[in-house]
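Colleague: Here it is, the structure, as structure tokens.
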Amino acid sequence: MTVKQRLWCVQVPKQSGEPVRSLLVGMGAFERDAAVQRDDDYLYFPVKYEIDIRDQFPDVKLLQRDFECVEKQTFEDILGFTPSYDMIGDIAIIDADDPDAEMIADAIIRVHRHIKTVLGALSPVQGEFRVRDFRVVAGEPKTETVHKEYGCQYEIDLARVYFTQRLATERKRIADQVGGGDVVVDMFAGAGPFSILAAKSAREVVAIDKNPVATLYLERNARLNRISNMRIICSDAADVAYNHDLAHIADHVIMNLPHSADEFLDEALTIVKPGGIIHYYDIREEDDLFDGAEAAIKDAASARGMTVRVLDRRIVRSYSPHQYNVVLDVEVCGG
């Protein structure tokens with residue numbers, strides 16, 4: 001069902017149509033629920049808000065027109081409630097055991113028109129490669145997608161490589177700390193969401209993962225994002241720290257393995273340089289969010305004759321009832 005709606009739009013000479021459309025889509029300004037209009041000389045791209053791109057395209061104009069728009073439906077309209085789901089690229093993920101899974105999947109595709117597949121998670125994240133089992137609930141039978149985040153693109157197979165969009169803000173927070181002369185070591189890199197964003201600022205990034213499929217996607221994603229200052233190592237971080245010339249090279253060490261990062265603290269302390277920072281992730285109970293993790297880091301450092309200083313500690317997200325994913329930024333001060 002369509003309705004007429006007055007919207008802002010960008011008037012574009014036809015010869016400039018595609019680059020302007022691409023820019024608007026990349027900015028998130030393109031209004032997909034309205035039909036593009038055209039006449040003999042111009043295209044009229046509907047936009048979500050008043051926007052000025054004349055610094056890049058001097059021959060465009062901003063004006064208002066009436067557009068035919070798809071009437072948006074909400075989950076409340078369709079289901080009577082808002083379901084829980086994640087979106088990664090053009091794939092949505094729901095709980096496969098939900099008795100309303102098929103109905104929820106259909107509603108997600110109707111509400112989010114860019115979603116092509118709805119997967120039902122059959123298991124939690126599990127195994128040494130931290131992946132899940134899925135079944136296709138609705139849409140195209142696939143588990144591979146391209147996810148966009150903070151100007152980067154990540155090609156991922158969700159059945160073979162760990163990825164969560166829920167750490168997007170955290171990945172940006174770490175990348176914002178990286179300076180142009182810094183070396184970053186990502187000990188559990190996966191398909192590269194921490195590594196690639198950090199590489200936009202760093203002098204060099206060393207990205208490590210023991211999952212050969214993850215490192216395959218990491219190589220693809222480095223090319224996709226035109227990253228040339230990254231060394232990719234397919235190995236266990238426990239072995240790499242001592243065998244790949246990584247001793248005390250890192251200004252930042254990323255330890256995003258929250259269920260077992262404590263087992264790799266000695267390796268992280270081998271990699272980090274004096275004055276460098278370890279970004280340590282953990283899953284903690286609500287009655288001991290930080291103290292136990294801080295004690296583990298200090299004990300590991302003390303055993304090596306090092307001292308550390310906690311710069312920041314914060315909750316990243318809720319993980320499960322009474323459990324939280326937390327991060328500590330810890331400066332290594334001596335040793």
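Colleague: What about Ala303, is it loosely packed, with under 15 Cβ neighbours inside 10 Å and under 18 Å from Phe264 (Cβ atoms)?
Modeller: Yes: the conditions hold for Ala303.
Colleague: Here are some residues: Arg313, Arg226. Which one is within 12 Å of Val330 (Cα to Cα), surrounded by fewer than 18 Cβ atoms within 10 Å (Cβ to Cβ) and among the basic types (Lys, Arg)?
Modeller: Every option except Arg313 fails the conditions.
Colleague: When you scan the range 1-44, how many residues do you find that are free of Cβ contacts under 8 Å to residues at least 24 places away in the same chain, out of contact with any Pro (no Cβ under 9 Å at 6 or more places or on another chain) and not in a loop (DSSP other than H, G, I, E, B)?
Modeller: The total comes to 5.
Colleague: For the range 16-51, name all the residues that are over 30 Å from the mean Cα position of the chain (by Cα), modelled with pLDDT under 90 and more than 21 Å from Lys72 (Cβ to Cβ).
Modeller: The one that is over 30 Å from the mean Cα position of the chain (by Cα), modelled with pLDDT under 90 and more than 21 Å from Lys72 (Cβ to Cβ): Ser16.
Colleague: Need a quick list: strands (runs of 3 or more DSSP E) entirely within the range 56-116 having at least 3 residues that are not β-branched (Val, Ile, Thr).
Modeller: Ranges flagged: 61-70.
Colleague: Can you tell me which residue among Phe163, Phe188 is of a type in the set (Phe, Trp, Tyr), more than 18 Å from Gly276 (Cβ to Cβ) and in contact (Cβ under 8 Å) with a residue 12 or more places away in the chain?
Modeller: Answer to the selection: Phe163.
Colleague: Can you pull out every residue in the range 231-264 that is part of a loop (DSSP other than H, G, I, E, B) and either outside the structural domain of Tyr280 (by TED's automatic domain parsing) or surrounded by 20 or more Cβ atoms within 10 Å (Cβ to Cβ) (or both)?
Modeller: Those that are part of a loop (DSSP other than H, G, I, E, B) and either outside the structural domain of Tyr280 (by TED's automatic domain parsing) or surrounded by 20 or more Cβ atoms within 10 Å (Cβ to Cβ) (or both): Leu246, Asn256, Pro258.
Colleague: Among the residues of the range 219-230, which ones are of a type outside the set (A, V, I, L, M, F, W, C) and in a helix (DSSP H, G or I)?
Modeller: Step one: filter the range 219-230 for residues of a type outside the set (A, V, I, L, M, F, W, C), giving 219-221, 223, 225-226, 228-229.
Correct list: Glu219, Arg220, Asn221, Arg223.
Colleague: Any residue that is over 18 Å from Arg6 (Cβ atoms), surrounded by 15 or more Cβ atoms within 10 Å (Cβ to Cβ) and of a type in the set (Val, Ile, Thr) - is there at least one of those in the range 30-47?
Modeller: No.
Colleague: While we're on this one: Scanning for something touching a residue at least 60 places away in the same chain (Cβ under 8 Å) and not basic (Lys, Arg), does the range 47-61 turn up at least one residue?
Modeller: no
The values are calculated or read from the model by the stated rules, or taken from the named source; none is laboratory data. Just so we're clear, the structure is a prediction, and the values are computed from it rather than from any experiment. In this analysis, Cβ positions are derived from the backbone assuming ideal geometry, glycine residues included, and neighbour counts consider all displayed protein chains.
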